[in-house]
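Comments concern the structure below.
The values are calculated or read from the model by the stated rules, or taken from the named source; none is laboratory data. Bear in mind that the values here come from a model prediction, so they are computed numbers and not experimental data. Ideal geometry is used to build each Cβ from the backbone, glycine not excepted, and the neighbour counts take in all protein chains shown.
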Amino acid sequence: MTEIALLTAANLVSDAPDRRADAHLFDIQLDILRRGFAPHGLTLTPVRWIDPLDWPRFGGVLVNSAWDYQDRHEDFLATLDRIAALGVAVFNDPATVRWNIRKTYLRELESRGVPVIPTLWPETPTHDDIVHAMSAFGSDDVVLKRQVGGGARAQVRYTRGNLPAPGPVMDRPGMIQPFIASIATEGEYSFLFVDGAFSHALLKRARSGDYRIQEAYGGTSRAIDPTPADLASAQAVLTALATPPLYARVDMVRGQGGELLLMELEVIEPFLFPKEGPQIGAMLGAALKKRL
């Protein structure tokens, strides 16, 4: 059997004193991945990415569960580089992770023809940037996000009647987008892929009165059979890449014209929603074995 290291957040391991409230999702995913890996001669060992380990003892490293990289992303990238320099295969590879870690990658995908949500990219967002974005987008409703981040952490929605005080509103590079109304009415779509092959799709809905679809904010999700057109839109995102990543989740919302717009391409640590598509464990095991 070949042992694969699964990089995890410190507060995901089973004996963490501050274990995350949503760690049960990690437990479900780990179980399904292990069962899918076993027939391919692979075992999966969760390890904290912050720990100094004997990396060459592993047959490969899977980045997928490092849910806490956002506040130490340079350390995280350096860790992946060190592992790869030891000759250990890392998936997704450090170059792909480095490209994806800052959401400015959306500009590159847009230049390749992928429809994305209009975005402004202030390095130190201020009150004036929020007001300017409203004018630029022709919208009185915008959302400020971190360029490096996830899980809607530190995300703020502003309206003309709820503007921030003058001065800085974020202590790091940000991104401002118009609020897309369909996320609160229709929801957000997620499409899961392994080595470019489609696994399953979900529709994620926010609780009433909110727009954040994460479970931590009361969001729910359900498996769906996407329409051929919607699936083609998601597949086109991966087609825009030179090489398909080992795993990817394409998150999209519907624009005013009915088309799907890319919200995020998750190739670092996306939750795979394995309960809704348990076959993804076997798909990932087979694809990983092939790449090794």
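Out of LEU144, LEU77, which single residue is assigned to a helix (DSSP H, G or I) and either in contact (Cβ under 8 Å) with a residue 24 or more places away in the chain or touching a strand residue (DSSP E or B) at 6+ places or on another chain (Cβ under 6 Å) (or both)? Explain how you work it out, then say what you get.
Values: LEU144 fails: assigned to a helix (DSSP H, G or I).
On inspection, the qualifying residue turns out to be LEU77.
Report yes if some residue within the stretch 30-42 is surrounded by 15 or more Cβ atoms within 10 Å (Cβ to Cβ), at pLDDT 95 or above and within 26 Å of ARG72 (Cα to Cα); otherwise report no.
Yes: the stretch 30-42 contains one or more residues that are surrounded by 15 or more Cβ atoms within 10 Å (Cβ to Cβ), at pLDDT 95 or above and within 26 Å of ARG72 (Cα to Cα).
Conditions (1) over 30 Å from SER139 (Cβ atoms); (2) under 17 Å from the mean Cα position of the chain (by Cα); (3) surrounded by fewer than 16 Cβ atoms within 10 Å (Cβ to Cβ); (4) not assigned by TED's automatic domain parsing to the domain that holds PHE191, marked per residue:
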| position | (1), (2), (3), (4) |
| --- | --- |
| ALA223 | yes, no, yes, no |
| SER233 | no, no, no, no |
| VAL237 | no, yes, no, no |
| ALA242 | yes, no, yes, no |
| ALA248 | no, yes, no, no |
| ARG254 | no, no, no, no |
| GLY257 | no, no, yes, no |
| MET263 | no, yes, no, no |
| ILE280 | yes, yes, no, yes |
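Condition check ((1) surrounded by fewer than 16 Cβ atoms within 10 Å (Cβ to Cβ); (2) among the aromatic types (Phe, Trp, Tyr); (3) more than 24 Å from TRP99 (Cβ to Cβ)) across all residues:
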| position | (1), (2), (3) |
| --- | --- |
| GLU188 | no, no, no |
| PHE191 | no, yes, no |
| ALA197 | yes, no, no |
| TYR211 | no, yes, yes |
| ASP251 | no, no, no |
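Sort out which residues of the stretch 147-188 are among the polar types (S, T, N, Q), closer than 26 Å to TRP67 by Cα and not in a loop (DSSP other than H, G, I, E, B), and write them in order of number.
GLN177 - this is the single residue of the stretch 147-188 that is among the polar types (S, T, N, Q), closer than 26 Å to TRP67 by Cα and not in a loop (DSSP other than H, G, I, E, B).
Could you say which residue among PRO118, PRO94 is surrounded by 15 or more Cβ atoms within 10 Å (Cβ to Cβ) and either in contact with a Lys or Arg (Cβ under 9 Å, 6 or more places away or on another chain) or farther than 13 Å from ILE268 by Cβ (or both)?
PRO118
Could you grab me the full set of residues in the stretch 203-218 that are farther than 26 Å from GLU110 by Cβ and either in contact (Cβ under 8 Å) with a residue 60 or more places away in the chain or touching a strand residue (DSSP E or B) at 6+ places or on another chain (Cβ under 6 Å) (or both)?
Result: ARG205, GLU215, ALA216, TYR217.
Please go through the stretch 111-141 and pick out each residue that is in a helix (DSSP H, G or I) and of a type in the set (Val, Ile, Thr).
ILE130, VAL131
Looking only at residues that are under 22 Å from PRO94 (Cβ atoms) and of a type in the set (Ser, Thr, Tyr) in the stretch 234-292, which one is modelled with the lowest pLDDT?
Out of the qualifying residues, it is THR243.
Of the residues in the stretch 1-56, how many are of a type in the set (D, E, K, R), over 19 Å from the mean Cα position of the chain (by Cα) and assigned to a loop (DSSP other than H, G, I, E, B)?
5
A quick yes/no check of all residues on (1) at pLDDT below 95; (2) over 24 Å from GLU269 (Cα atoms):
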| site | (1), (2) |
| --- | --- |
| GLY113 | no, yes |
| HIS127 | no, yes |
| VAL131 | no, yes |
| MET134 | no, yes |
| PHE137 | no, yes |
| LEU144 | no, no |
| GLY150 | yes, no |
| ALA154 | yes, no |
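Quick one: which residue in PHE273, PHE191 is under 18 Å from the mean Cα position of the chain (by Cα), in a loop (DSSP other than H, G, I, E, B) and not small (Gly, Ala, Ser)?
From the options PHE273, PHE191, the qualifying one is PHE273.
Tell me yes or no: at least one residue of the stretch 91-111 is touching a residue at least 24 places away in the same chain (Cβ under 8 Å) and more than 18 Å from the chain's Cα centre (by Cα).
no
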